[in-house]
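Data first, discussion second: the structure below is written as structure tokens.
What follows is calculated from the coordinates using simple rules that are stated; it is not laboratory data. Since this is a predicted model, take the numbers as computed values, not measurements. Note that each Cβ is placed from the backbone with ideal geometry, even for glycine, and that neighbours are counted across all protein chains shown.
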């Protein structure tokens, strides 16, 4: 004998005026119900099938696979992973009524803020016997609203329960708290944006300073033109590093890594000395201030070939200046 299964499509809600289990009246349009279908995403938060309305959604007897609207315009659910015994109870009419529980658009636990989102579908009837191995889905009931199965609620009259002034005040406080929280979030985001903009401005200013420093050191002869890009990149990287401490002359000193490197470069012996060239290098074009590394290299190789000396000695000869 095949085990019982739930129908492929089960009605759980309809547009119209409804009174929730707390006695509050809600009006649902066709657009509201359509939005429920679009918002529901089982990959984001899957609604369980429960017995009654447990505050923590436990245990789950099955899951809502998807939502749709049938030909009558009512909200229907497709289920899966349903416990066989639970399906049998429903088939035997032990649980004949259904009650849908939703997160309102502004509920704190709503995974899709702005739309009503299905929290669980409760089957109403006798308490179920224990079943081992049921799936859990722990969740808070804060802000959830439940609607029991039945006809849409009529326009409230004196015969219907109306909200007390205390309940109205509580709703007003909750709405104001949500507005205050939204304003605080917007203020925090604005502060983060301003802080990020300030940090970027500081980074650009430091980079410009490092470029100016490197160019000045090239003019002073302490940094070769080919090393400018590398020097700037290293200084940019060290700008965010923490200061380092070291002992010097019996005292402890603290210095920023970028400042230490700049001091090291500024205190180095010039790589090229600018002045008047000593004459007498026959057959080799003179090296002049401002020449590129490639041009100096060419002059050195000419000298080394003509005088049968090492490249290092040739470099010293062609870049030797007299005061």
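Things worth noting here:
- Ranked 101, 292, criterion: other C-beta atoms within 10 Å, fewest first: 292, 101
- Potential lengthening between residue 252 and residue 96 on full extension [0.36 nm per residue; Cα-Cα distance subtracted]: 48.0 nm
- In the stretch 183-266, inverting the average of 1/r over every pair of distinct C-alpha atoms gives 15.1 Å as the Kirkwood radius.
- Orientation-averaged projected area, Cα convex hull of the stretch 1-121 (nm²): 7.9
- Each of 213, 123, 246 was scored by other Cβ atoms within 10 Å of its Cβ. Listed from fewest to most, they are 246, 213, 123.
- Least to most buried among 36, 237, 77, 291 (fewest other Cβ within 10 Å first): 237, 291, 36, 77
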